[in-house]
Ligand code: ADP
């Protein structure tokens, strides 16, 4: 705060006369005022009225008159005094030889001390620090503020150096050079001081003016204003500006940066603030076709705007930032923009990573063959993997959001699993259950439930995986059945072996009986006995053949004979079902090199299928078995007059596990094994509907498998 020079260093040449003139003119103003008051009073009251005034009120005009008279006398005296003084001063200034009178000197002394007192009161009343120092630094005068600040009486301070009363050195922020001050006679700057017993530094904005005596500078008057609070605020603000993690900027409407904080310098990868401020607005653009990123881009109104911006970094990379900025309006125009830039590049990268991970998880779940179900603690389905479409033919939406009890019967076992895990009874529960596909097909499912924990390892729901184990279950059953069959085969082999000996004896004895000297009746009986024993021996032989463990490799066989053996084996069950077999061997067939066991299995399977098909729908029926040959293959046909095969099943019957039989009756593996066996032999098996109803299975075997071809 600049201090008017005249108040601290009054110039002798004009200060006193102007003070006198002021006093003089003030006197005249008072006198004029009184005269006007008197005139107005007289004009208002006429003589007649005055005459009639009550005795008491006469005092008013009389008083005014008396006052005017007294004041005129006083003014006259003062005017004389003033003009005398003026003369005296002029004399002093002009160094006239006329010596002032004693009285004049007295008056001058009084005047000076009065104006000094006024001046002292004035500077004491100042809130600012005011002091005068001589060139050696000793205090010549100080105002009350200084005595209060230093907590030292005026008399102690005067004549001593200010530094003696401070707690530390006096520091000038703007360098103070004495030679320069003596030349310029003025200095302004900020000074910081530390008071004794107080660690806090105080800041003063100072103006110093030279005190001149003659032409020499003898000291300085200083007026100083305490700006410590302002400084503290500034410092706090600067600290905030410097330490903020968000970038802060000010820029012109054209996008030219005017001020930036260190955080923004770091975000954009520059070495210094100056380097960044020196850039043209276009340097921050990511795309040359765009307008400058900061400044009026996006909004010209100056209202606060929040947007995502992409800024070019020094290294060429891109910083994605959230810009919150406002226009500063002066005279109705936006003169600059100021705002903050929060670097969200990493956040965006993380978000992208998160999205990718999410996508990865989604794809993983989609490709997972098991159905994944997630239920919250309220028992609602919160996640259903898309695999449900394939597994049960329904959409995840049909289940999502539904309560566990609301879902249909297909889910009743899942509801039980959920309850047992959600109730904390077990940490892992599983069950096997039958569920129906939308197509009507029944499937065996294995459900496994376990608790779903949240980030704090507290239960947040239940996660259930459901696997279609239909195939595994069928295989399991098939293995059990195969094992049982193998055991039976072994048993049959054993029985057949045991039966062979008694049968050989019966055959021998019955033959002897036939040939011996017996009656005709006995011979006939012996013949029947012999025939039946032979039949039994054949059956035993066939059983032995079938039950024998398959010989590795192929052997040369007559296909007619193989068919015959199977028919023999099945004579009884076929007869029981009222099924007649119409078989005509084909003597022209060449012997074939095949695996006889495997082919017998094929024939047996076809025979049993046909017999079952007839038995389930008819009282009786016929199976026609024919063999024949082409130029390059032999064929065997099994044709029955049963119900036949539905056209929609024709393409599936060779698929493993395809069956139309009741559970426990069929495995659906028979025909698929037949197909596999024939493929292995280089042949094939096909199905068709018989012309008059029923099914026709045609087996073909390449002649390459014949003994002649093998030999050739
Ligand atoms: P399975 O006999 O255990 O069902 P298969 O593979 O032997 O298994 O047979 C598959 C299906 O083919 C049977 O379930 C049946 O529907 C059909 N099938 C096979 N042979 C005949 C036939 N001769 N007449 C009618 N249907 C048949």
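The values are calculated or read from the model by the stated rules, or taken from the named source; none is laboratory data. Fair warning: this is a prediction, and the values are worked out from it, not measured in the lab. Heads up, the Cβs are rebuilt from the backbone with ideal geometry, glycines too, and the neighbour counts pull from every protein chain shown.
The requirement of being modelled with pLDDT of 90 or more, more than 25 Å from residue 684 (Cβ to Cβ) and over 60 Å from the mean Cα position of the chain (by Cα) is fulfilled somewhere in region 580-591, by at least one residue.
Considering each residue of region 472-490 in turn, none proves to be exposed (fewer than 13 other Cβ atoms within 10 Å of the Cβ) and within 18 Å of residue 385 (Cα to Cα). Candidates 350, 365, 354: the one that is in contact with a strand residue (DSSP E or B) (Cβ under 7 Å, 6 or more places away or on another chain), assigned to a helix (DSSP H, G or I) and over 18 Å from residue 247 (Cβ atoms) is 365. When region 389-406 is filtered for residues that are over 31 Å from the mean Cα position of the chain (by Cα), touching a residue at least 24 places away in the same chain (Cβ under 8 Å) and at negative phi, the ones remaining, listed by number, are 391, 392, 394, 405. Could we say that residue 643 is closer than 24 Å to residue 595 by Cβ, surrounded by 15 or more Cβ atoms within 10 Å (Cβ to Cβ) and within 11 Å of the ligand (Cβ to nearest atom) here? So residue 643 fails the test.
State yes or no: is residue 417 within 35 Å of the chain's Cα centre (by Cα), surrounded by fewer than 17 Cβ atoms within 10 Å (Cβ to Cβ) and either at pLDDT 90 or above or not in a loop (DSSP other than H, G, I, E, B) (or both)? Here the answer is no, as residue 417 does not meet what is asked. Taken over region 495-554, residues that are in a helix (DSSP H, G or I), modelled with pLDDT of 80 or more, under 24 Å from residue 482 (Cβ atoms) and out of contact with any helix residue (DSSP H, G or I) (no Cβ under 6 Å at 6 or more places or on another chain) amount to 2. Taken as a whole, region 606-621 holds no residue that is at pLDDT 90 or above and more than 25 Å from residue 661 (Cβ to Cβ). Scan region 315-330 for residues that are surrounded by fewer than 15 Cβ atoms within 10 Å (Cβ to Cβ) and touching a helix residue (DSSP H, G or I) at 6+ places or on another chain (Cβ under 9 Å) and jot them down. Matches in region 315-330: 317, 318. State whether one or more residues within region 621-631 are within 8 Å of the ligand (Cβ to nearest atom) and out of contact with any strand residue (DSSP E or B) (no Cβ under 7 Å at 6 or more places or on another chain). No. Restricting region 579-594 to residues that are over 16 Å from residue 702 (Cα atoms) and in contact with a strand residue (DSSP E or B) (Cβ under 9 Å, 6 or more places away or on another chain), the residue that is nearest to the ligand (Cβ to nearest atom) is 579.
Could you please let me know if residue 638 is touching a helix residue (DSSP H, G or I) at 6+ places or on another chain (Cβ under 6 Å) and within 9 Å of the ligand (Cβ to nearest atom)? Judged against the criteria, residue 638 is a match. Being in a strand (DSSP E or B) and surrounded by 19 or more Cβ atoms within 10 Å (Cβ to Cβ) is true of residue 638.
Per this entry, residue 697 is not counted among residues that are within 30 Å of residue 477 (Cβ to Cβ), out of contact with any strand residue (DSSP E or B) (no Cβ under 7 Å at 6 or more places or on another chain) and modelled with pLDDT of 85 or more.
Does region 557-567 contain any residue that is in a loop (DSSP other than H, G, I, E, B) and at pLDDT below 90? Looking for residues that are in a loop (DSSP other than H, G, I, E, B) and at pLDDT below 90, one finds none in region 557-567, hence no.
Scan region 368-401 for residues that are assigned to a helix (DSSP H, G or I) and either touching a helix residue (DSSP H, G or I) at 6+ places or on another chain (Cβ under 6 Å) or over 20 Å from residue 418 (Cα atoms) (or both) and the total you get is 4. Is it fair to say residue 427 is in contact with a strand residue (DSSP E or B) (Cβ under 8 Å, 6 or more places away or on another chain), surrounded by fewer than 12 Cβ atoms within 10 Å (Cβ to Cβ) and touching a residue at least 12 places away in the same chain (Cβ under 8 Å)? For residue 427, the condition - in contact with a strand residue (DSSP E or B) (Cβ under 8 Å, 6 or more places away or on another chain), surrounded by fewer than 12 Cβ atoms within 10 Å (Cβ to Cβ) and touching a residue at least 12 places away in the same chain (Cβ under 8 Å) - is met.
Evaluation of residue 683 against the conditions (1) out of contact with any strand residue (DSSP E or B) (no Cβ under 7 Å at 6 or more places or on another chain); (2) modelled with pLDDT of 90 or more shows that the sole unmet condition is (1).
So for region 118-134 (the condition being within 30 Å of residue 224 (Cβ to Cβ) and modelled with pLDDT under 75), does at least one residue qualify? Yes: region 118-134 contains one or more residues that are within 30 Å of residue 224 (Cβ to Cβ) and modelled with pLDDT under 75. When the residues of region 650-688 are filtered to those that are more than 17 Å from residue 442 (Cα to Cα), near the ligand (Cβ under 10 Å from one of its atoms) and free of Cβ contacts under 8 Å to residues at least 24 places away in the same chain, the one that is nearest to the chain's Cα centre (by Cα) is 672.
Conditions tested, residue by residue: (1) in contact with a helix residue (DSSP H, G or I) (Cβ under 6 Å, 6 or more places away or on another chain); (2) touching a residue at least 40 places away in the same chain (Cβ under 8 Å).
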| site | (1), (2) |
| --- | --- |
| 265 | yes, no |
| 272 | no, no |
| 284 | no, no |
| 288 | no, no |
| 305 | no, no |
| 332 | no, no |
| 338 | no, yes |
| 346 | no, no |
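Counting only helices (runs of 4 or more DSSP H) that sit completely within region 193-297, those holding 1 or more residues that are exposed (fewer than 14 other Cβ atoms within 10 Å of the Cβ) and at pLDDT below 90 correspond to 228-243.
Among all residues of region 609-617, there is none that is more than 13 Å from the ligand (Cβ to nearest atom) and part of a helix (DSSP H, G or I).
Selection of region 173-186 for residues being within 60 Å of the chain's Cα centre (by Cα) and either surrounded by 14 or more Cβ atoms within 10 Å (Cβ to Cβ) or closer than 17 Å to residue 221 by Cβ (or both) yields only 176. Just one of the listed residues (605, 597) is within 10 Å of the ligand (Cβ to nearest atom), in a helix (DSSP H, G or I) and out of contact with any strand residue (DSSP E or B) (no Cβ under 6 Å at 6 or more places or on another chain), and it is 605. In region 702-710, the count of residues that are more than 8 Å from the ligand (Cβ to nearest atom), out of contact with any strand residue (DSSP E or B) (no Cβ under 7 Å at 6 or more places or on another chain) and in a loop (DSSP other than H, G, I, E, B) is zero. Residues in region 140-154: is at least one surrounded by 13 or more Cβ atoms within 10 Å (Cβ to Cβ) and in contact (Cβ under 8 Å) with a residue 60 or more places away in the chain? There is at least one residue in region 140-154 that is surrounded by 13 or more Cβ atoms within 10 Å (Cβ to Cβ) and in contact (Cβ under 8 Å) with a residue 60 or more places away in the chain.
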